[in-house]
Amino acid sequence: MAGGAGAAGPVIGLVTDRMDWHARALDKAFAALGARAVPFDLAACRIETAAAHGLYLPGFEGRLPDAVLV
């Protein structure tokens, strides 16, 4: 897994433009399963040719999440 799931559990990118009730419920559900959700706005993502993986995702500087929920 790209983000480094392990003892701390997987890290999941949660694409959202605001932390509304649905995003908060997803965050809580992921936490109950041992995963950490990191919310970010899709509009802030970009192609990053200098990065080894080719993407910039806010909150994941220098690495990628284990999964992304859009």
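The values are calculated or read from the model by the stated rules, or taken from the named source; none is laboratory data. Predicted, not measured: the structure shown is a model, and the values here were computed from it. Don't worry about glycine lacking a Cβ; one is built from the backbone with ideal geometry, like all the others, and counts go over all protein chains shown. Side chains are part of the model used for accessible areas, which takes the heavy atoms of the whole protein and leaves out ligands, DNA and RNA. Shrake-Rupley method; radii C 1.70, N 1.55, O 1.52, S 1.80 Å.
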Response to the item:
Conditions (1) modelled with pLDDT of 95 or more; (2) open to solvent by less than 60 Å² (accessible area, probe 1.4 Å); (3) of a type in the set (Phe, Trp, Tyr) -> TRP21 fails only (2)
Worksheet item: If you check every pair at least six apart or on different chains, which have Cβ atoms under 6 Å apart with a residue in the range 29-47 that is buried (at least 17 other Cβ atoms within 10 Å of the Cβ) first and a residue that is β-branched (Val, Ile, Thr) and outside any strand (DSSP E or B) second?
Response: PRO39/THR16
Fill in: Residue check, THR16 touching an Asp or Glu at 6+ places or on another chain (Cβ under 9 Å) and either of a type in the set (S, T, N, Q) or crowded, with 17+ Cβ neighbours inside 10 Å (or both)
yes
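Identify, from the list ALA50, ALA5, the residue that is in a loop (DSSP other than H, G, I, E, B), out of contact with any Leu (no Cβ under 6 Å at 6 or more places or on another chain), crowded, with 16+ Cβ neighbours inside 10 Å and modelled with pLDDT under 95. Even if it seems obvious, please write down each step before you answer.
Details: ALA50 fails: crowded, with 16+ Cβ neighbours inside 10 Å.
The match here is ALA5.
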Worksheet item: Of these, LEU14, LEU57, LEU26, which one is farther than 11 Å from VAL68 by Cβ and not small (Gly, Ala, Ser)?
Response: LEU26
Fill in: Where a residue in the range 49-70 is over 22 Å from ARG18 (Cβ atoms) and its partner, wherever it lies, is among the small types (Gly, Ala, Ser) and open to solvent by 40 Å² or more (accessible area, probe 1.4 Å), with Cβ under 8 Å and at least six apart
ALA51/GLY62; HIS53/ALA2; ARG63/ALA2; ARG63/GLY4; LEU64/ALA2; ASP66/ALA2; ASP66/GLY4; ASP66/ALA5
Response to the item:
Taking the range 26-44 and keeping residues assigned to a loop (DSSP other than H, G, I, E, B) and under 12 Å from THR16 (Cα atoms) leaves ASP41
